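The values are calculated or read from the model by the stated rules, or taken from the named source; none is laboratory data. Since the structure is predicted, the reported quantities are computational estimates derived from the model, not experimental observations. Reconstructed Cβ throughout: ideal geometry from the backbone, glycine too, with neighbour counts over all protein chains shown. These area figures cover heavy atoms from the full protein model, side chains too; ligands, DNA and RNA do not enter into them. Shrake-Rupley method; radii C 1.70, N 1.55, O 1.52, S 1.80 Å.
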Amino acid sequence: MREQVLRFYESLAEHYHLIFEDWNEAIERQARILNPLLVSEFPGHRLKILDCACGIGTQAIGFAIFGHQVVGSDLSQAAVRRAKHEGDLRSLNISFHVSDMTSLVEIPDSDLDVVVALDNALPHLTVHQLGKAVEAISSKLKPNGLFMASIRDYDKLILERPTIQEPLFYGGEKERRIVHQVWDWNENTKYVVHLYITKLSGGEWDILHFVSEYRTLLRNELTAVLESAGFEEVRWLMPAESGFYQPIVVARWPAEGRIL
């Protein structure tokens with residue numbers, strides 16, 4: 001699965017902002033939701049945050065705008081290159097690294113307040129890879145640090161097995177975009193996503209097609225993996241409560257740190 005995921009994000013990096021009506025607005029909107037969730041856990045001080053699935057920087061940039069010390073990493077070199085460019089454009093001091101979240105060996109820090117993996121990144125991982133990722137993430141957190149992730153609501157989707165996400169239409173008469181997804185279900189635990197971005201520019205239509213595979217990661221499974229790795233106070237925030245577009249899991253690394 002790793003190579004397919006890498007190809008997906010390497011080819012998508014240049015175009016990723018097009019899945020949003022206004023990417024800059026999305027950065028600000030998500031930061032306004034996520035920042036208070038983190039600050040409430042660590043009141044009164046600037047946080048040291050690793051976004052270990054940073055993509056082109058949607059959340060990393062937002063956290064940095066709020067004044068936090070941010071490190072971003074991603075498996076995709078193209079995504080990291082784009083994220084660094086976007087951070088530089090905004091004069092933000094964000095350190096970016098190409099790093100697989102199942103190891104994070106390229107990340108020198110081990111005293112982070114928070115590690116995040118947002119936008120449904122974890123379901124790209126196999127069962128074995130997920131365990132390795134949680135272990136790697138815990139190794140970067142200081143005692144009493146926090147892990148936050150968001151995934152699709154697979155508890156619901158596994159029952160519905162949708163085959164398409166309804167198209168989104170952006171833009172005006174001369175510059176239009178249609179963004180939609182087709183889902184092919186291979187078995188109960190996996191599905192292939194076909195992401196289509198259809199663009200009208202200069203009177204010509206152009207169709208971009210990106211393919212990746214996901215695993216239907218249920219909330220109970222992720223909770224169990226986190227608790228097995230030693231995380232405590234695992235809790236879920238659903239969109240109606242958090243205001244974020246996906247369910248969010250929050251877990252605390254124990255105050256005594258890793259017990260060998």
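Observations on the model:
- Qualifying residue in the range 226-239 (condition: modelled with pLDDT of 95 or more, among the hydroxyl-bearing types (Ser, Thr, Tyr) and either surrounded by 14 or more Cβ atoms within 10 Å (Cβ to Cβ) or under 30 Å from His15 (Cβ atoms) (or both)): no
- The set of residues in the range 156-170 that are under 20 Å from the mean Cα position of the chain (by Cα), open to solvent by 50 Å² or more (accessible area, probe 1.4 Å) and modelled with pLDDT of 95 or more contains only Lys156.
- Across the range 98-112, the qualifying residues are those that are more than 16 Å from Trp253 (Cα to Cα) and open to solvent by 10 Å² or more (accessible area, probe 1.4 Å), and the one among them that is modelled with the lowest pLDDT is Pro108.
- Criterion: farther than 17 Å from Glu227 by Cα and open to solvent by 60 Å² or more (accessible area, probe 1.4 Å) - qualifying residue of Glu135, Glu175: Glu175
- In the range 171-201, residue modelled with the highest pLDDT [restricted to those that are over 20 Å from Glu21 (Cβ atoms) and not in a strand (DSSP E or B)]: Thr189
- Every pair of residues 6+ apart whose Cβ atoms lie under 8 Å, when the first sits in the range 5-26 and is within 18 Å of Leu208 (Cβ to Cβ) while the second is part of a helix (DSSP H, G or I) and open to solvent by 70 Å² or more (accessible area, probe 1.4 Å): Glu10/Gln77; Ala13/Arg81
- Positions within the range 86-116 being hydrophobic (A, V, I, L, M, F, W, C) and in contact with a Gly (Cβ under 8 Å, 6 or more places away or on another chain), in sequence order: Ile94, Phe96, Leu112, Val114, Val115
- Residue count, the range 27-80 (criterion: outside any helix (DSSP H, G or I), within 19 Å of Ala13 (Cβ to Cβ), open to solvent by less than 10 Å² (accessible area, probe 1.4 Å) and in contact (Cβ under 8 Å) with a residue 60 or more places away in the chain): 3
- The range 147-172 residues that are closer than 30 Å to Glu41 by Cα, paired with ones that are open to solvent by less than 50 Å² (accessible area, probe 1.4 Å) and of a type in the set (Lys, Arg) (beta carbon under 9 Å, 6 or more apart): Phe147/Arg252; Tyr154/Arg215
- Enumeration of residues in the range 81-95 that are open to solvent by 10 Å² or more (accessible area, probe 1.4 Å) and not hydroxyl-bearing (Ser, Thr, Tyr): Arg81, Arg82, Lys84, His85, Glu86, Asp88, Leu89, Arg90, Leu92, Asn93, Ile94
- Any hit, the range 194-215, residues being farther than 28 Å from Asn35 by Cβ, open to solvent by less than 30 Å² (accessible area, probe 1.4 Å), out of contact with any His (no Cβ under 8 Å at 6 or more places or on another chain) and hydrophobic (A, V, I, L, M, F, W, C): yes
- Scan the range 240-259 for residues that are part of a loop (DSSP other than H, G, I, E, B) and open to solvent by 30 Å² or more (accessible area, probe 1.4 Å) and the total you get is 6.
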